[in-house]
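Here the structure comes first, spelled out in structure tokens, and everything after it is commentary.
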Amino acid sequence: MSSSKHMETKLIHAGELRPRVGGAVNLPIFQSATFEYGGEDDYHDIRYIRLNNTPNHNVLGEKLAAIENAEAGLVAASGMAIISTTMLSILHKGDHILLQDCLYGGTHDFVTKDLPSLGIEYDFIDGSDPSSWEKKIRKQTKAIYVETIANPLMDVPELLAVVDFARSHKIVSIIDNTFASPINFRPAEHGFDLSLHSCTKYLNGHSDIVAGACIGKAALVKDVKRKLNHLGGTMDPHAAFLLHRGLKTLALRVKYQNESAKKIAHYLQKHSEIDRVNYPGLATHPAYASAEKLFDGFGGMLSFELKGEDADKTDEFLKALQLPICAPSLGGVESLITRPATTSHLGLSREDRKKIGISDSLVRFSTGIEATEDLIEDFDQALKKISSKVVR
Ligand SMILES: *Cc1c(COP(=O)(O)O)cnc(C)c1O
């Protein structure tokens, strides 16, 4: 399909099998572990489910590449399967990687707990301060790794500086694009080598599967696929079917979530019980100017602090909410809410959390597709409840 088509069209038509299987409008689930031998002469071309080459895998890979305007795409069993496999395909014993200092918890754990035992070294960098990166580069540095929008303060690194830095040092630039989704940011268009996704979140969008993807330069994606074939983090055909179905409404969902989150962020910012709102679409966000230039939308994720840094009062607030479900994860059709001090950052001491800006009253919100007015009304009644009550 022509790459000049719009996102909405590509989500429906890109990568689809022609002719359609038996005329079926929807791609069937190929529930087959193995496929008839067709003269393949490379192990990785043998058609076998773990080798990530069933029609369900191939269609998704092509569709994802098309929507990010990249050369190639690959799906995997989970976000962490693709993140760990990608790192292991690029990094070998003696190598070194630079990473943004506020990473997804699983990625942070993998880097700090698993890479050293494989003889791979790392350094963390401040994504917003490119002048400090030069000091950390080594002869052995192979890659720089950032997240488009990082949890839970919605930090946005200097994205274009990452690409320039990687090019000038001839290292691989990798970005976890989960929070932005391809609707709001397409890394390949700006020169990133590899874009990674937890498809568990926006790409599937219905909180009912775990899945991952790697999108980018064909030669690199091919290496990641070979490593994935060996490590075995293969996507199951049923998960592939659900991801394929979820993807079709990605643009509709995310555009609505962008608008809804923006309205909620503005509402919260004006509320007397709220201290600070973290959302890249607010002029008060440190990276607002570059986010406005680079993003097509600011996303559905935001966080905010209740006045007083009171954990009990914050928990009362969460309990008083009737619509958002208190649960980890994000990017689904239902709004989800968490207090990072008790979920994603529970592993850190209170002092260490404070150092990285995560107070006891910080709340993270994943905007679903409910009516914005109903969500704001719900926030309003819950905030009234806690302001009229002295907790503790
Ligand atoms: C959830 C998430 C992951 C991990 O993905 P899984 O699908 O849970 O393995 C990685 N990065 C980010 C930013 C995430 O939100």
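The values are calculated or read from the model by the stated rules, or taken from the named source; none is laboratory data. Note that the coordinates shown come from a computational prediction; the quantities given were computed from them, not determined experimentally. Note: ideal-geometry Cβ built from the backbone for every residue, glycine included; neighbour counts use all protein chains shown.
Here are a few things to note about the model shown:
- Scanning the range 204-219 for residues that are over 14 Å from Pro187 (Cβ atoms) and crowded, with 24+ Cβ neighbours inside 10 Å yields Asn204, Gly205, Ala211, Gly212.
- Hits in the range 123-158 (condition: over 19 Å from Ser181 (Cβ atoms) and aromatic (Phe, Trp, Tyr)): Phe124, Trp133
- Selection of the range 190-209 for residues being touching a strand residue (DSSP E or B) at 6+ places or on another chain (Cβ under 8 Å) and of a type in the set (A, V, I, L, M, F, W, C) yields Phe192, Leu194, Leu196, Cys199, Leu203.
- Contact map, the range 215-238: first residue touching a residue at least 12 places away in the same chain (Cβ under 8 Å), second residue of a type in the set (Gly, Ala, Ser) and surrounded by fewer than 19 Cβ atoms within 10 Å (Cβ to Cβ), Cβ cut-off under 9 Å, separation 6 or more or different chains; pairs are Pro237/Ser32.
- Qualifying residue in the range 113-127 (condition: outside the structural domain of Gly332 (by TED's automatic domain parsing), surrounded by fewer than 22 Cβ atoms within 10 Å (Cβ to Cβ), aromatic (Phe, Trp, Tyr) and in contact (Cβ under 8 Å) with a residue 12 or more places away in the chain): yes
- Scope the range 125-158; condition part of a loop (DSSP other than H, G, I, E, B), more than 16 Å from the ligand (Cβ to nearest atom) and among the polar types (S, T, N, Q); matching residues: Ser128, Gln140
- So Arg392, is it modelled with pLDDT under 95, over 19 Å from Leu268 (Cβ atoms) and in contact with an Asp or Glu (Cβ under 6 Å, 6 or more places away or on another chain): yes
- Residue in the range 93-106 that is more than 29 Å from Gly347 (Cβ to Cβ), within 16 Å of the ligand (Cβ to nearest atom) and part of a helix (DSSP H, G or I) present: no
- Here Gly246 fulfils each of the conditions (1) over 26 Å from Tyr279 (Cα atoms); (2) free of Cβ contacts under 8 Å to residues at least 60 places away in the same chain apart from (1).
- Within the range 22-53, the set of residues being surrounded by 12 or more Cβ atoms within 10 Å (Cβ to Cβ) and part of a helix (DSSP H, G or I) comprises His44, Asp45, Ile49, Arg50, Leu51.
- Scope the range 264-294; condition among the basic types (Lys, Arg) and in contact with a Phe, Trp or Tyr (Cβ under 8 Å, 6 or more places away or on another chain); matching residues: Arg276
- Criterion violated by Asp275 - all others in (1) in a strand (DSSP E or B); (2) within 16 Å of the ligand (Cβ to nearest atom) satisfied: (2)
- Considering residues of the range 62-89 that are within 16 Å of Lys248 (Cβ to Cβ) and out of contact with any helix residue (DSSP H, G or I) (no Cβ under 7 Å at 6 or more places or on another chain) only, the residue nearest to the ligand (Cβ to nearest atom): Leu64
- Filter result for the condition that a residue is in contact with a strand residue (DSSP E or B) (Cβ under 7 Å, 6 or more places away or on another chain) and at pLDDT below 95, over Pro324, Pro340: Pro340
- Set side by side, the residues His285, His271 differ, and just one is within 21 Å of the chain's Cα centre (by Cα) and of a type outside the set (Gly, Ala, Ser), which is His285.
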